[in-house]
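This report refers to the structure that appears directly beneath it.
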Amino acid sequence: MTAKKHMSEVPMIQRVAAYLAILVGYFFYCYNFVIIDYVRPYIVEAYDGISLSDTAQFYTWQSVGALIGALSCAWFATNFGKKSTLIAITALNGGATIINMMFTDYTTWAAMRFIIGLSLGGYFTVAVSLMIGLFNPTVRGKLTAFASSMFSVALVAMGAYAAFITSIDAPCRA
C-alpha cells in the first residue's frame, strides 16, 4: 500500500483534473436532484396508477435517502477512502437512475428515488471533502463556491434540454 501524498506533492494539473471531474459529477448530482420536479406531471400522464401526490412522495423518499446518504457516506469515506467511496456512489447513482427509467410502477420508483437520494447525499458529502483537500486554504472557498454554481447550471441545462426535446421556443418572460 502506498503512503498518502500531501496535496502539495500532487502536480497541479492532476489536482485541477480531479476538481473538474468532481465538477462534472456535481453537475449531474444537481441535475438528478431536481429532475424529479420537472418530470412529475409527465409521470402522472404516462404511468398508470401513479398520481401527482405519489410523485411528491418520490421527492420525499429521495430527501430521506439524501439525509441518510450524507451521514453514512462520511463513514464509508473515512473507512474505505474518499476516491473509492465517490466511485461507488457514482455507480450506485447511475445504476439506480437507469433502473428508474425502466419501470413504471410506484414501488420501483419510490425505491430507486430513495437509492438515488442515498447517492446524492453521499456525493455531496464526499465530493466537497475531496474538493477542499485538493487546494490551499486561500482558494478552497472560491472553488467550493464555484462548484455550488453547478446547481444553477444544471437547472439551466435541464430547461434548455426540455425546450429542445419538446421543440418549444420558450423565451424567458418577466
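Of the peptides 114-126, 17-29, 72-84, the ranking by mean beta-carbon count within 10 Å, highest at the top, reads 114-126, 17-29, 72-84. Every helix of 4 or more DSSP H residues in the chain counts as -39500 (n - 2.57), and over all residues that averages to -28500 deg cm²/dmol at 222 nm. Peptides 85-94, 50-59 ranked from most to least packed give 85-94, 50-59, packing being the mean of other C-beta atoms within 10 angstrom over each peptide's residues.
Estimated at 0.36 nm per residue, the fully extended path between residue 5 and residue 38 surpasses their Cα-Cα distance by 7.6 nm. Take the Kirkwood radius over Cα pairs of segment 11-155, plug it into Stokes-Einstein at 10 °C and 1.306 mPa s, and you get 100 µm²/s for translational diffusion. Using only Cα atoms, find the angle between the long axis of helix 137-148 and the longest principal axis of the chain, and express it within 0 to 90 degrees, rounded to the nearest 10. For helix 137-148, the angle is close to 10 degrees. The C-alpha atoms of the chain define a longest principal axis, and helix 150-165 lies at about 40 degrees to it. Largest GNM mean-square fluctuation across 163, 147, 127, computed for the chain with C-alpha springs under 10 Å, falls on 163.
Just so you know, all these numbers are worked out from the coordinates, no wet-lab data involved. Source: prediction; values computed, not measured. Backbone-built Cβ (ideal geometry, glycine too); neighbour counts: all protein chains shown.
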